[in-house]
Amino acid sequence: MEYQVLRERLCRTPALAGPLPGFDPRNAPPEPGPLFAHWLADALDDGVPEPHVMTLSTADPAGRPSSRVLMLRGFQLDAGRLDFVFASEAASRKGRELGANPYAALNWYWPRHGRQIRATGRVTALDRRAAREDFLGRGEPSRIAGFTGLMSAQLPGTDPYPEYQRARVRAREIIAADPQAVPEGHTVYALRADEAEFFQGDSGPDRFHRRLRYARDGERWTRGMLWP
Ligand SMILES: Cc1cc2nc3c(=O)[nH]c(=O)nc-3n(C[C@H](O)[C@H](O)[C@H](O)COP(=O)(O)O)c2cc1C
């Protein structure tokens with residue numbers, strides 16, 4: 001592979017190419033929830049690929065961050081609160097990091113609209129009922145995957161495929177024996193936003209990207225614009 005050619009292609013690849021929608025922060029709602037819902041609906045309506053996919057960043061006890069992509073399973077707006085819901089395995093790296101340090105960040109980027117949203121806040125694990133509902137609402141392939149192994153643990157050896165297949169056979173057996181079985185570590189989490197920033201890219205010559213940041217103060221939100 002010609003890395004130099006690849007580097008040149010990288011530099012020539014456009015971002016925020018447009019045309020992009022406008023965004024006038026003066027008309028933005030006083031709270032971030034309705035704006036999130038509005039932008040998400042726009043993304044779904046306009047066929048933005050996988051708009052429910054987001055990046056979750058956590059940090060270990062020494063403050064070293066790590067990120068990975070997850071699915072947004074839902075969101076709740078209620079009395080000034082904005083919660084983003086996702087599901088994972090408590091024993092995974094992210095689950096262990098959240099256990100030690102519950103503060104995390106979420107990020108979405110919807111290229112077709114040149115929109116980025118980020119939210120930070122404290123994450124809590126919801127109760128077992130939520131985990132059960134989430135897990136049992138999934139299709140069989142996802143439930144088999146949920147029982148297949150210990151997410152983020154090291155697979156043994158250098159050719160672990162047979163081990164993986166054995167784990168899948170065991171997972172199928174567990175589900176066949178009890179279709180209502182839920183893995184112990186399957187957990188639904190909610191990040192309660194204490195900050196949310198909405199970035200609307202500007203593909204025009206001014207490149208005046210609008211950045212509107214909301215910060216939570218108890219049940220109230222304050223908002224202000226940031227330099228792009
Ligand atoms: C499009 C996409 C969606 C994903 N959705 C989830 C999800 O909802 N929950 C989850 O635990 N992992 C999901 N993953 C896998 C994670 O990115 C990650 O590999 C896994 O959770 C282990 O992360 P960790 O070792 O940092 O804990 C998804 C991956 C992709 C590419």
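Among residues other than N107 with Cβ under 15 Å from its Cβ, the summed charge is +3 (Lys and Arg +1, Asp and Glu -1). Accessible area per residue for region 157-200 is 55 Å², calculated with a 1.4 Å probe on protein heavy atoms, without ligands, DNA or RNA.
For the chain, the longest principal axis of the Cα atoms and the long axis of helix 32-45 meet at an angle of about 80 degrees. How much length would be gained if the chain were fully extended between N101 and A176, taking 0.36 nm per residue of separation minus their Cα-Cα distance, in nm to one decimal? The span from N101 to A176 would gain 23.3 nm if fully extended. Kirkwood radius for the chain, taken over all pairs of different Cα atoms as the inverse mean of 1/r, rounds to 20.0 Å. Computed about its Cα centre, the charge dipole of the chain is approximately 320 debye, with only Lys, Arg, Asp and Glu carrying charge at their Cβ.
According to the calculation over all Cα-Cα pairs in region 143-204, the P(r) per 5 Å bin from zero is 4, 13, 17, 15, 11, 8, 7, 7, 10, 6, 2, 1 %. In the full protein context, region 1-87 carries 62 Å² of accessible surface per residue, based on a 1.4 Å probe and ignoring ligands, DNA and RNA. Taking the protein heavy atoms of the chain in the context of the full set of protein chains, the accessible area attributed to carbon and sulfur is 53 percent at 1.4 Å. Taking Cβ atoms as reference points and 11 Å as the exclusive limit, the residues near P21 contribute a net charge of -1, counting Lys and Arg as +1 and Asp and Glu as -1.
Tell me the net charge near R129. Cut-off is 15 Å between Cβ atoms, R129 excluded, with +1 for each Lys or Arg and -1 for each Asp or Glu. Net charge in that neighbourhood comes out at -1. Under a model in which nothing but the beta-carbon of Lys, Arg (+1) and Asp, Glu (-1) is charged, region 63-177 shows a dipole of about 220 debye around its Cα centre. Quick one: go through region 72-101 and flag any residue whose amide nitrogen is under 13 Å from the point 7 Å out along the Cα-to-Cβ line of L44. Flagged as within label range: 72-76. If one takes the longest principal axis of the Cα atoms in the chain, at what angle in degrees, from 0 to 90 and to the nearest 10, does the Cα axis of helix 161-177 lie? Taking the Cα atoms of the chain, the angle to 161-177 is about 80 degrees. Taking a cut-off of 19 Å, what percent of all Cα-Cα pairs in region 7-121 are separated by more than that? Taking all Cα-Cα pairs of region 7-121, the fraction more than 19 Å apart is 55 percent.
Positive end of the dipole of the chain (Cβ unit charges, origin at the Cα centre): among I175, G63, L98, the Cα lying farthest that way belongs to G63. Once the chain from D78 to R122 is taken as fully extended at 0.36 nm per residue, the excess over their C-alpha distance is 14.2 nm.
The values are calculated or read from the model by the stated rules, or taken from the named source; none is laboratory data. Because the structure is a prediction, the values reported are computed rather than measured. Here Cβ is always computed from backbone atoms with ideal geometry, including for glycine, and neighbour counts include all displayed protein chains. Side chains included, ligands, DNA and RNA excluded: accessible areas come from the protein's heavy atoms. Shrake-Rupley method; radii C 1.70, N 1.55, O 1.52, S 1.80 Å.
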